[in-house]
Amino acid sequence: MLRIRLPDGRRRRLTVREGARLQSFPDWFEFQGSEESQCNQIGNAVPPILAKALACSVKAYLDDVEQETTEESHLLNQPISPVNPS
């Protein structure tokens, strides 16, 4: 876990809760295991806010692709009108 320097020059480790807050985990979220295991879980995790932003972006992209596909399939289902050579 990250060590922070205090104003008097001493250093201390971040607590598990401080690390979780920096990673955007809500305060109600509980980590299991020893303190070292909890620090590893936090350090290896994708921050929840980043995960949500990524999921929303992927959903928006897929919704757009689905809409384009629906419009294309609608055009494909149109009857072909004869071409009048003039």
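Between residue 36 and residue 6, the modelled labels are 2.5 nm apart [label points 7 Å from Cα along Cα→Cβ].
Subtracting the Cα-Cα distance of residue 61 and residue 21 from their residue separation scaled by 0.36 nm leaves 11.4 nm. Relative contact order for the range 10-56: 39 percent, from Cα pairs under 8 Å spaced at least 6 residues apart, divided by residue count.
Where a number appears in this text, it was derived from the coordinates with a stated rule and is not lab data. Only a predicted model underlies this, so the values are computations on that prediction, with no experimental measurement involved. Glycine gets a Cβ as well: all are built from the backbone with ideal geometry, and neighbour counts include every protein chain shown.
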